Amino acid sequence: MERAEVIIVGGGIVGLATAYDLTRRFPGKRVLVLEKEAAVARHQTGRNSGVLHSGVYYQPGSLKARNCLDGKRILQKFCDRQGVPYALCGKVIVAVKEEELPRLEAIYRNGQANGVRCTLVGPERLKELEPAVRGIRAIHVPDAGIIDYTQVCEALVRCLLDSGGAVVTNSRVTAINSNASKVRVRTSQGETFEAGYVVNCTGLQSDRVARLSGTRPEARIVPFRGEYYELKPEAHHLCQGLIYPVPDPSFPFLGVHFTRMISGGVECGPNAVLAFAREGYRITDVNLRDLFESLTYPGFLRMARKYWRVGVEEMWRSISKKAFVRALQRLVPEITTGDLNPAPAGIRAQALSPQGSLVYDFDIRETSRVLNVCNAPSPAATACLNIGRLVVDRLARRFE
(Lines give C-alpha, C1' and ligand atoms only; values in the text may rest on other atoms or scores of the structure.)
Protein backbone atom coordinates (compact mmCIF):
# COMPACT_ATOMS: atom_id res chain seq x y z
CA MET A 1 0.00 0.00 0.00
CA GLU A 2 1.44 3.36 -1.08
CA ARG A 3 1.36 6.12 1.52
CA ALA A 4 1.51 9.90 1.45
CA GLU A 5 0.77 12.73 3.86
CA VAL A 6 -1.76 14.22 1.42
CA ILE A 7 -3.55 12.72 -1.58
CA ILE A 8 -4.96 15.09 -4.19
CA VAL A 9 -7.73 13.54 -6.28
CA GLY A 10 -7.80 15.19 -9.71
CA GLY A 11 -4.96 16.22 -12.01
CA GLY A 12 -6.50 19.42 -13.32
CA ILE A 13 -5.03 22.83 -12.68
CA VAL A 14 -6.62 23.34 -9.23
CA GLY A 15 -5.45 19.95 -7.96
CA LEU A 16 -1.93 20.42 -9.30
CA ALA A 17 -1.72 23.98 -7.96
CA THR A 18 -2.73 22.67 -4.52
CA ALA A 19 -0.07 19.97 -4.72
CA TYR A 20 2.51 22.56 -5.77
CA ASP A 21 1.72 24.86 -2.84
CA LEU A 22 1.85 21.94 -0.41
CA THR A 23 5.32 20.88 -1.52
CA ARG A 24 6.62 24.45 -1.30
CA ARG A 25 5.26 25.17 2.16
CA PHE A 26 5.70 21.69 3.64
CA PRO A 27 8.69 20.17 1.83
CA GLY A 28 8.88 17.23 4.22
CA LYS A 29 5.37 15.99 3.43
CA ARG A 30 4.86 13.60 0.55
CA VAL A 31 2.08 14.58 -1.86
CA LEU A 32 0.43 12.18 -4.27
CA VAL A 33 -1.93 13.16 -7.13
CA LEU A 34 -4.40 10.59 -8.46
CA GLU A 35 -5.72 11.25 -11.98
CA LYS A 36 -8.25 9.01 -13.73
CA GLU A 37 -7.07 9.87 -17.25
CA ALA A 38 -3.81 8.88 -18.96
CA ALA A 39 -2.42 12.40 -18.53
CA VAL A 40 -3.17 15.55 -16.55
CA ALA A 41 -5.34 18.47 -17.76
CA ARG A 42 -7.56 16.34 -20.00
CA HIS A 43 -10.89 17.98 -19.19
CA GLN A 44 -11.82 21.55 -18.17
CA THR A 45 -8.21 22.69 -17.78
CA GLY A 46 -7.09 21.56 -21.21
CA ARG A 47 -10.30 22.45 -23.04
CA ASN A 48 -10.92 26.09 -22.17
CA SER A 49 -10.20 29.26 -24.10
CA GLY A 50 -6.93 30.00 -22.32
CA VAL A 51 -7.84 33.44 -20.96
CA LEU A 52 -5.93 35.12 -18.15
CA HIS A 53 -8.89 36.81 -16.48
CA SER A 54 -8.57 40.24 -14.91
CA GLY A 55 -11.39 40.14 -12.33
CA VAL A 56 -13.47 42.90 -13.87
CA TYR A 57 -16.83 41.08 -13.70
CA TYR A 58 -16.88 39.72 -10.19
CA GLN A 59 -18.85 40.96 -7.22
CA PRO A 60 -16.53 43.00 -4.98
CA GLY A 61 -15.66 41.05 -1.85
CA SER A 62 -16.44 37.63 -3.34
CA LEU A 63 -13.89 34.81 -3.31
CA LYS A 64 -13.76 35.11 -7.10
CA ALA A 65 -12.85 38.79 -6.94
CA ARG A 66 -10.31 38.39 -4.13
CA ASN A 67 -8.61 35.41 -5.76
CA CYS A 68 -8.59 36.49 -9.40
CA LEU A 69 -6.36 39.57 -9.26
CA ASP A 70 -3.85 38.10 -6.82
CA GLY A 71 -3.98 34.72 -8.54
CA LYS A 72 -3.24 36.22 -11.94
CA ARG A 73 -0.22 38.10 -10.59
CA ILE A 74 1.15 35.00 -8.85
CA LEU A 75 0.53 32.83 -11.93
CA GLN A 76 2.38 35.27 -14.20
CA LYS A 77 5.41 35.17 -11.87
CA PHE A 78 5.28 31.35 -11.86
CA CYS A 79 5.16 31.30 -15.67
CA ASP A 80 8.09 33.71 -15.87
CA ARG A 81 10.17 31.38 -13.70
CA GLN A 82 9.09 28.23 -15.52
CA GLY A 83 9.29 29.57 -19.07
CA VAL A 84 5.57 29.17 -19.79
CA PRO A 85 4.54 31.72 -22.45
CA TYR A 86 1.64 34.12 -21.95
CA ALA A 87 0.63 37.47 -23.44
CA LEU A 88 -1.28 40.44 -22.04
CA CYS A 89 -3.18 41.17 -25.25
CA GLY A 90 -5.97 43.21 -23.62
CA LYS A 91 -9.72 42.87 -23.72
CA VAL A 92 -12.72 44.95 -24.70
CA ILE A 93 -16.26 44.45 -23.35
CA VAL A 94 -18.49 46.04 -25.95
CA ALA A 95 -21.95 47.60 -25.75
CA VAL A 96 -23.71 47.67 -29.13
CA LYS A 97 -27.07 49.09 -27.94
CA GLU A 98 -28.09 51.92 -25.63
CA GLU A 99 -29.92 49.55 -23.26
CA GLU A 100 -26.62 47.75 -22.56
CA LEU A 101 -24.90 50.87 -21.22
CA PRO A 102 -26.15 50.63 -17.60
CA ARG A 103 -24.87 47.03 -17.41
CA LEU A 104 -21.56 48.05 -18.95
CA GLU A 105 -21.14 50.82 -16.41
CA ALA A 106 -21.98 48.42 -13.57
CA ILE A 107 -19.21 46.07 -14.76
CA TYR A 108 -16.84 49.04 -14.89
CA ARG A 109 -17.68 49.94 -11.28
CA ASN A 110 -17.05 46.34 -10.26
CA GLY A 111 -13.68 46.44 -11.97
CA GLN A 112 -12.75 49.68 -10.24
CA ALA A 113 -13.81 48.30 -6.84
CA ASN A 114 -11.74 45.16 -7.45
CA GLY A 115 -8.62 47.14 -8.32
CA VAL A 116 -8.63 46.17 -12.01
CA ARG A 117 -6.93 48.58 -14.41
CA CYS A 118 -9.71 49.44 -16.85
CA THR A 119 -11.17 52.42 -18.70
CA LEU A 120 -14.44 53.31 -20.42
CA VAL A 121 -13.86 54.18 -24.09
CA GLY A 122 -15.99 55.55 -26.89
CA PRO A 123 -16.35 54.25 -30.46
CA GLU A 124 -13.28 56.10 -31.77
CA ARG A 125 -10.90 54.52 -29.23
CA LEU A 126 -12.64 51.17 -29.65
CA LYS A 127 -11.88 51.33 -33.39
CA GLU A 128 -8.22 51.90 -32.59
CA LEU A 129 -8.13 48.87 -30.30
CA GLU A 130 -10.31 46.53 -32.41
CA PRO A 131 -10.84 47.95 -35.93
CA ALA A 132 -13.40 45.29 -36.94
CA VAL A 133 -15.65 45.74 -33.90
CA ARG A 134 -18.88 47.74 -33.92
CA GLY A 135 -19.92 49.29 -30.64
CA ILE A 136 -21.10 52.51 -29.03
CA ARG A 137 -19.04 52.17 -25.86
CA ALA A 138 -16.67 49.65 -24.29
CA ILE A 139 -14.53 48.82 -21.29
CA HIS A 140 -10.86 48.37 -22.15
CA VAL A 141 -8.97 46.01 -19.82
CA PRO A 142 -5.32 46.15 -20.93
CA ASP A 143 -4.03 43.51 -18.49
CA ALA A 144 -6.31 40.66 -19.62
CA GLY A 145 -4.27 37.99 -21.34
CA ILE A 146 -3.96 34.57 -22.93
CA ILE A 147 -2.07 31.41 -21.94
CA ASP A 148 -2.00 27.64 -22.48
CA TYR A 149 -3.15 26.10 -19.20
CA THR A 150 -1.99 22.62 -20.22
CA GLN A 151 1.57 23.97 -20.31
CA VAL A 152 1.01 25.46 -16.85
CA CYS A 153 -0.04 22.01 -15.61
CA GLU A 154 3.01 20.39 -17.15
CA ALA A 155 5.21 22.88 -15.30
CA LEU A 156 3.35 22.21 -12.03
CA VAL A 157 3.92 18.47 -12.49
CA ARG A 158 7.66 19.04 -13.01
CA CYS A 159 7.82 21.05 -9.79
CA LEU A 160 5.87 18.36 -7.92
CA LEU A 161 8.15 15.56 -9.12
CA ASP A 162 11.26 17.61 -8.30
CA SER A 163 9.92 17.95 -4.74
CA GLY A 164 9.50 14.21 -4.27
CA GLY A 165 5.79 14.06 -5.03
CA ALA A 166 4.13 11.76 -7.53
CA VAL A 167 1.33 11.67 -10.10
CA VAL A 168 -0.46 8.36 -10.67
CA THR A 169 -2.52 8.33 -13.88
CA ASN A 170 -5.23 5.92 -15.05
CA SER A 171 -6.42 5.80 -11.44
CA ARG A 172 -10.10 6.65 -11.01
CA VAL A 173 -11.06 6.84 -7.36
CA THR A 174 -13.83 4.39 -6.48
CA ALA A 175 -13.90 4.59 -2.66
CA ILE A 176 -12.77 6.93 0.13
CA ASN A 177 -12.86 5.66 3.70
CA SER A 178 -11.61 7.66 6.66
CA ASN A 179 -11.27 7.24 10.40
CA ALA A 180 -9.86 9.40 13.19
CA SER A 181 -6.26 9.12 12.00
CA LYS A 182 -6.11 8.35 8.25
CA VAL A 183 -7.90 8.06 4.91
CA ARG A 184 -7.79 5.12 2.54
CA VAL A 185 -8.48 5.65 -1.15
CA ARG A 186 -9.21 2.81 -3.55
CA THR A 187 -8.90 3.16 -7.32
CA SER A 188 -10.21 1.47 -10.45
CA GLN A 189 -6.89 -0.37 -10.78
CA GLY A 190 -7.55 -2.15 -7.49
CA GLU A 191 -4.83 -0.20 -5.71
CA THR A 192 -5.26 1.24 -2.23
CA PHE A 193 -3.52 4.43 -1.10
CA GLU A 194 -3.33 5.80 2.41
CA ALA A 195 -2.89 9.36 3.62
CA GLY A 196 -3.49 11.67 6.53
CA TYR A 197 -5.67 13.92 4.39
CA VAL A 198 -7.40 13.89 1.00
CA VAL A 199 -8.29 16.88 -1.18
CA ASN A 200 -10.96 16.42 -3.85
CA CYS A 201 -10.30 18.63 -6.89
CA THR A 202 -12.17 16.63 -9.53
CA GLY A 203 -14.14 19.36 -11.30
CA LEU A 204 -16.78 17.62 -13.41
CA GLN A 205 -16.94 14.75 -10.91
CA SER A 206 -16.52 16.80 -7.73
CA ASP A 207 -20.00 16.17 -6.30
CA ARG A 208 -19.72 12.41 -6.86
CA VAL A 209 -16.27 12.18 -5.29
CA ALA A 210 -17.51 14.32 -2.39
CA ARG A 211 -20.28 11.77 -1.83
CA LEU A 212 -17.68 8.98 -1.81
CA SER A 213 -16.02 10.78 1.09
CA GLY A 214 -19.28 11.04 3.04
CA THR A 215 -20.02 14.68 2.19
CA ARG A 216 -23.42 15.53 0.70
CA PRO A 217 -23.02 18.81 -1.20
CA GLU A 218 -26.27 20.66 -1.68
CA ALA A 219 -25.47 21.62 -5.28
CA ARG A 220 -25.03 19.16 -8.11
CA ILE A 221 -22.78 19.39 -11.15
CA VAL A 222 -24.67 19.77 -14.43
CA PRO A 223 -22.44 19.73 -17.54
CA PHE A 224 -22.80 22.35 -20.26
CA ARG A 225 -20.95 21.93 -23.53
CA GLY A 226 -19.23 25.03 -24.84
CA GLU A 227 -19.09 24.86 -28.66
CA TYR A 228 -16.49 26.85 -30.56
CA TYR A 229 -15.45 27.81 -34.04
CA GLU A 230 -12.03 29.12 -35.03
CA LEU A 231 -11.24 31.84 -37.52
CA LYS A 232 -9.45 30.82 -40.68
CA PRO A 233 -5.98 32.40 -40.96
CA GLU A 234 -7.13 34.95 -43.56
CA ALA A 235 -9.70 36.25 -41.03
CA HIS A 236 -7.36 36.58 -38.02
CA HIS A 237 -7.19 40.33 -38.59
CA LEU A 238 -10.78 40.59 -37.33
CA CYS A 239 -9.62 40.08 -33.74
CA GLN A 240 -6.59 41.73 -32.11
CA GLY A 241 -7.09 40.49 -28.54
CA LEU A 242 -10.18 39.50 -26.54
CA ILE A 243 -13.62 40.77 -27.62
CA TYR A 244 -16.58 40.21 -25.28
CA PRO A 245 -20.22 41.32 -25.32
CA VAL A 246 -21.96 42.87 -22.34
CA PRO A 247 -23.41 39.83 -20.53
CA ASP A 248 -27.12 39.25 -21.10
CA PRO A 249 -28.95 39.18 -17.74
CA SER A 250 -31.54 36.82 -19.21
CA PHE A 251 -28.91 34.07 -19.48
CA PRO A 252 -26.35 32.97 -16.88
CA PHE A 253 -23.36 32.72 -19.27
CA LEU A 254 -21.22 35.43 -20.87
CA GLY A 255 -22.31 34.91 -24.48
CA VAL A 256 -20.22 34.21 -27.57
CA HIS A 257 -16.97 36.15 -27.81
CA PHE A 258 -13.65 36.24 -29.65
CA THR A 259 -10.43 34.99 -28.09
CA ARG A 260 -6.98 35.26 -29.61
CA MET A 261 -5.03 32.13 -28.63
CA ILE A 262 -1.44 31.96 -27.40
CA SER A 263 -0.79 29.48 -30.22
CA GLY A 264 -1.72 32.13 -32.78
CA GLY A 265 -5.29 31.27 -33.75
CA VAL A 266 -8.59 32.92 -32.83
CA GLU A 267 -11.52 31.08 -31.23
CA CYS A 268 -15.14 32.21 -31.41
CA GLY A 269 -17.68 31.05 -28.84
CA PRO A 270 -18.74 29.35 -26.75
CA ASN A 271 -22.30 28.39 -27.42
CA ALA A 272 -23.69 26.81 -24.22
CA VAL A 273 -25.94 23.74 -24.33
CA LEU A 274 -26.69 20.91 -21.94
CA ALA A 275 -24.17 18.12 -22.49
CA PHE A 276 -25.53 14.57 -22.60
CA ALA A 277 -22.48 13.35 -20.67
CA ARG A 278 -20.24 14.99 -18.09
CA GLU A 279 -17.37 14.45 -20.49
CA GLY A 280 -19.43 14.66 -23.67
CA TYR A 281 -17.39 16.87 -25.97
CA ARG A 282 -19.39 15.87 -29.07
CA ILE A 283 -23.13 16.17 -29.55
CA THR A 284 -23.23 12.39 -30.12
CA ASP A 285 -21.57 11.61 -26.75
CA VAL A 286 -24.24 10.24 -24.43
CA ASN A 287 -23.86 8.81 -20.93
CA LEU A 288 -27.26 7.58 -19.75
CA ARG A 289 -26.40 7.93 -16.07
CA ASP A 290 -25.18 11.51 -16.50
CA LEU A 291 -28.15 12.48 -18.67
CA PHE A 292 -30.69 10.90 -16.32
CA GLU A 293 -29.17 12.72 -13.32
CA SER A 294 -29.33 16.07 -15.13
CA LEU A 295 -32.87 15.68 -16.46
CA THR A 296 -34.31 14.50 -13.14
CA TYR A 297 -32.48 17.01 -10.93
CA PRO A 298 -34.93 19.62 -9.57
CA GLY A 299 -32.27 22.34 -9.83
CA PHE A 300 -31.83 21.80 -13.57
CA LEU A 301 -35.58 21.59 -14.18
CA ARG A 302 -36.14 24.89 -12.37
CA MET A 303 -33.32 26.56 -14.27
CA ALA A 304 -34.63 25.20 -17.59
CA ARG A 305 -38.10 26.61 -16.90
CA LYS A 306 -36.61 30.02 -16.13
CA TYR A 307 -34.28 30.20 -19.14
CA TRP A 308 -36.10 28.04 -21.68
CA ARG A 309 -36.33 30.73 -24.37
CA VAL A 310 -32.62 31.44 -24.29
CA GLY A 311 -31.93 27.72 -24.06
CA VAL A 312 -33.83 27.15 -27.30
CA GLU A 313 -31.74 29.87 -28.98
CA GLU A 314 -28.54 28.21 -27.76
CA MET A 315 -29.66 24.83 -29.08
CA TRP A 316 -30.53 26.40 -32.44
CA ARG A 317 -27.05 27.94 -32.65
CA SER A 318 -25.65 24.51 -31.84
CA ILE A 319 -27.12 23.04 -35.05
CA SER A 320 -27.12 26.17 -37.24
CA LYS A 321 -23.79 27.71 -38.20
CA LYS A 322 -25.62 30.68 -39.72
CA ALA A 323 -27.32 31.39 -36.39
CA PHE A 324 -23.95 31.16 -34.62
CA VAL A 325 -22.46 33.62 -37.11
CA ARG A 326 -25.34 36.06 -36.60
CA ALA A 327 -24.49 36.12 -32.88
CA LEU A 328 -20.86 36.89 -33.71
CA GLN A 329 -21.88 39.62 -36.16
CA ARG A 330 -23.32 41.70 -33.30
CA LEU A 331 -19.71 42.48 -32.42
CA VAL A 332 -17.90 41.97 -35.73
CA PRO A 333 -20.33 42.69 -38.60
CA GLU A 334 -18.06 41.64 -41.45
CA ILE A 335 -17.54 38.07 -40.26
CA THR A 336 -19.10 35.40 -42.53
CA THR A 337 -19.77 31.68 -42.36
CA GLY A 338 -16.83 31.17 -44.72
CA ASP A 339 -14.45 32.63 -42.12
CA LEU A 340 -15.05 29.82 -39.61
CA ASN A 341 -13.95 26.24 -39.07
CA PRO A 342 -15.28 23.98 -36.29
CA ALA A 343 -13.05 23.86 -33.18
CA PRO A 344 -12.91 21.43 -30.22
CA ALA A 345 -15.61 21.86 -27.61
CA GLY A 346 -15.22 22.13 -23.85
CA ILE A 347 -17.42 21.21 -20.89
CA ARG A 348 -18.28 23.58 -18.07
CA ALA A 349 -18.90 21.90 -14.71
CA GLN A 350 -21.77 24.08 -13.57
CA ALA A 351 -22.82 23.67 -9.96
CA LEU A 352 -26.60 24.16 -9.65
CA SER A 353 -28.49 24.54 -6.39
CA PRO A 354 -31.72 22.58 -5.89
CA GLN A 355 -33.55 25.90 -6.29
CA GLY A 356 -32.21 26.23 -9.86
CA SER A 357 -29.69 29.01 -9.25
CA LEU A 358 -26.11 28.83 -10.46
CA VAL A 359 -23.44 28.60 -7.76
CA TYR A 360 -21.15 31.42 -8.87
CA ASP A 361 -18.53 31.39 -6.13
CA PHE A 362 -15.96 28.89 -4.92
CA ASP A 363 -17.35 26.23 -2.57
CA ILE A 364 -15.09 24.15 -0.31
CA ARG A 365 -16.65 21.59 2.05
CA GLU A 366 -14.61 19.94 4.82
CA THR A 367 -14.71 16.88 7.02
CA SER A 368 -12.06 15.97 9.56
CA ARG A 369 -9.88 14.26 6.94
CA VAL A 370 -11.21 15.34 3.54
CA LEU A 371 -11.46 18.74 1.83
CA ASN A 372 -13.84 18.82 -1.13
CA VAL A 373 -13.50 21.62 -3.67
CA CYS A 374 -17.12 21.27 -4.75
CA ASN A 375 -17.18 24.28 -7.06
CA ALA A 376 -14.27 26.06 -8.70
CA PRO A 377 -15.77 28.04 -11.60
CA SER A 378 -14.00 30.46 -13.89
CA PRO A 379 -11.63 32.19 -13.13
CA ALA A 380 -10.32 29.08 -11.34
CA ALA A 381 -7.56 28.51 -13.89
CA THR A 382 -6.31 32.10 -13.62
CA ALA A 383 -6.58 31.99 -9.82
CA CYS A 384 -5.31 28.39 -9.47
CA LEU A 385 -2.24 29.18 -7.36
CA ASN A 386 -4.25 31.37 -5.03
CA ILE A 387 -6.96 28.71 -4.72
CA GLY A 388 -4.24 26.15 -3.99
CA ARG A 389 -2.91 28.43 -1.27
CA LEU A 390 -6.42 28.80 0.19
CA VAL A 391 -6.84 25.02 0.36
CA VAL A 392 -3.39 24.54 1.88
CA ASP A 393 -4.16 27.22 4.48
CA ARG A 394 -7.00 24.99 5.66
CA LEU A 395 -4.76 21.93 5.70
CA ALA A 396 -2.02 23.82 7.54
CA ARG A 397 -4.28 24.34 10.55
CA ARG A 398 -4.69 20.57 10.77
CA PHE A 399 -0.97 19.94 10.45
CA GLU A 400 -0.36 22.26 13.38
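The values are calculated or read from the model by the stated rules, or taken from the named source; none is laboratory data. This is a predicted model, so every value here is computed, not measured. Virtual Cβ from ideal backbone geometry, glycine too; neighbours counted across all protein chains shown. Surface accessibility is based on the protein's heavy atoms, side chains included, excluding ligands, DNA and RNA. Shrake-Rupley method; radii C 1.70, N 1.55, O 1.52, S 1.80 Å.
Normalising by the residue count of the chain, find the relative contact order in percent from Cα pairs under 8 Å and 6+ residues apart. Kindly include the intermediate steps, with their values, before the conclusion.
Numbers: 886 pairs, mean separation 96.3, N = 400.
This gives 24 percent for the chain.
Around GLY145, what is the net charge, scoring Lys/Arg as +1 and Asp/Glu as -1 over all other residues with Cβ under 11 Å from its Cβ?
Values: positive: LYS72, LYS91, ARG260; negative: ASP143.
Net charge around GLY145: +2.
Considering only protein heavy atoms and a probe of 1.4 Å, how much of the accessible area of the chain is carbon and sulfur, as a whole percent?
Working: 8530 of 16980 Å².
That fraction is 50 percent.
Run a plain Debye calculation on region 327-370 (Cα atoms as equal point scatterers, no solvent) and give log10 I(q)/I(0) at q = 0.13, 0.29 Å⁻¹, rounded to two decimals, same order as the q list.
-0.64, -1.05
For helix 384-399, report the angle its Cα long axis makes with the longest principal axis of the Cα atoms of the chain; keep it between 0 and 90° and round to the nearest 10°.
Helix 384-399 sits at roughly 20 degrees to that axis.
Over the chain, what number does the Rg to Rh ratio reach, with both radii from the alpha-carbon atoms and Rh per Kirkwood?
Details: Rg = 21.1 Å, Rh = 21.8 Å.
Rounded to two decimals, Rg over Rh is 0.97.
Shape of region 61-148 from its Cα gyration tensor (a ≥ b ≥ c, root eigenvalues): rounded if a/c is under 1.5, otherwise prolate when a/b > b/c, or oblate?
Details: a/c = 3.24, a/b = 1.52, b/c = 2.12.
The shape class here is oblate.
Arrange the peptides 272-283, 312-323 so that the one whose residues have, on average, the most other Cβ atoms within 10 Å appears first. Intermediate values should be presented prior to the final figure.
Numbers: 272-283: 19.3, 312-323: 14.8.
Output ranking for 272-283, 312-323: 272-283, 312-323.
If you average 1/r over every pair of different alpha-carbon atoms in region 108-210 and take one over that average, what Kirkwood value in Å do you get?
Details: mean 1/r = 0.0535 Å⁻¹.
Its Kirkwood hydrodynamic radius stands at 18.7 Å.
Tell me, what are the semi-axes, in whole angstrom and largest first, of the equivalent ellipsoid of region 134-266 as set by the roots of 5 times the Cα gyration tensor eigenvalues? Write out the running numbers ahead of the final one.
On the way: eigenvalues 326, 88, 37 Å².
Output for region 134-266: semi-axes of 40, 21, 14 Å.
Based on alpha-carbon positions alone, could you give the equivalent ellipsoid semi-axes of region 1-97 from the gyration tensor, as √(5λ), descending, whole Å? Working shown, then result.
Details: eigenvalues 185, 51, 41 Å².
After diagonalising the Cα gyration tensor, the semi-axes are 30, 16, 14 Å.
Charges only on Cβ, +1 for Lys and Arg, -1 for Asp and Glu: so what's the dipole of the chain about the Cα centre, in debye to the nearest 20? Don't jump to the answer; show the numbers that get you there.
Details: 54 positive and 40 negative charges, 168 e Å.
Once rounded to the nearest 20, the dipole reads 800 debye.
What angle do you read, to the nearest 10 degrees and between 0 and 90, between the alpha-carbon axis of helix 101-113 and the longest principal axis of the chain?
Value to nearest ten degrees: 40.
Rg to Rh for region 235-347: what is it, with Cα atoms only and Rh by Kirkwood? Display every interim value, and only then the final one.
On the way: Rg = 15.4 Å, Rh = 15.5 Å.
Result: Rg/Rh = 0.99.
Report P(r) for region 223-281: all Cα-Cα distances, bin width 5 Å, range 0 to the bin holding the largest distance, values in whole percent.
Pairs per bin, as whole percents: 4, 18, 23, 20, 17, 13, 5, 0.
How much of the DSSP beta bridge set in the chain is antiparallel, as a percent to the nearest 5?
Values: 49 of 70 bridges.
Taking every DSSP beta bridge with both residues in the chain, the antiparallel ones total about 70 percent.
Over what distance in Å are the Cα centres of region 77-148 and region 204-246 separated?
Using only Cα atoms, the two centres lie 20 Å from each other.
Cα convex hull of region 102-159: mean projected area in nm², to one decimal? Don't skip to the end; give the middle numbers.
Numbers: hull surface 23.4 nm².
Its Cα hull, projected and averaged over all orientations, spans 5.8 nm².
To the nearest 20 debye, what charge dipole does region 29-168 have about its Cα centre, counting +1 at the Cβ of each Lys and Arg and -1 at the Cβ of each Asp and Glu? Let's see the in-between values first.
On the way: 21 positive and 15 negative charges, 72 e Å.
In total the dipole reaches around 340 debye.
Would you work out the Kirkwood radius for region 270-400? I mean one over the mean of 1/r across all pairs of different Cα atoms, in Å. Please list the in-between numbers first.
Numbers: mean 1/r = 0.0564 Å⁻¹.
Answer for region 270-400: a Kirkwood hydrodynamic radius of 17.7 Å.
Among 355-362, 32-39, what's the highest-first ranking by average C-beta atoms within 10 angstrom per residue? Write out the running numbers ahead of the final one.
Numbers: 355-362: 16.5, 32-39: 20.1.
Top to bottom by mean Cβ count within 10 Å: 32-39, 355-362.
Measuring from label point to label point, each 7 Å out along Cα→Cβ, what is the THR336 to LYS127 span in nm?
Here the modelled spin labels are 2.3 nm apart.
Can you give the Rg to Rh ratio of region 192-297, both from alpha-carbon atoms, with Rh computed by the Kirkwood formula? Mind dumping the intermediate values first?
Values: Rg = 18.3 Å, Rh = 16.8 Å.
For region 192-297, the value is 1.09.
With a 1.4 Å probe and all protein chains left in place, how much accessible area per residue does region 169-294 have, in Å²?
I get 41 Å² per residue for this part.
For region 173-219, what percent of Cα pairs sit more than 17 Å apart? Could the numbers behind the result be given before it?
On the way: 341 of 1081 pairs.
The calculated P(r) of region 173-219 puts 32 percent of pairs beyond 17 Å.
What's the center-to-center distance, using Cα atoms, between region 259-295 and region 167-195 in Å?
Result: 29 Å between the Cα centres.
Which stretch or stretches of region 356-374 have amide N atoms under 12 Å from the point lying 7 Å from ARG305's Cα along the Cα→Cβ direction?
Hits in region 356-374 for ARG305 at 12 Å: 356.
Give the angle, between 0 and 90 degrees and rounded to the nearest 10, that separates the Cα long axis of helix 13-25 from the longest principal axis of the Cα atoms of the chain.
50
Return the loop-located GluC sites (Glu not before Pro) in region 164-260 (DSSP other than H, G, I, E, B) with at most 12 other Cβ atoms within 10 Å of their own Cβ; answer none if there are none. Before the final figure, lay out the partial values.
Values: sites: GLU191, GLU194, GLU218, GLU227, GLU230, GLU234; in loops: GLU191, GLU218.
When the GluC sites (Glu not before Pro) of region 164-260 are filtered for loop state and at most 12 Cβ neighbours within 10 Å, nothing remains.
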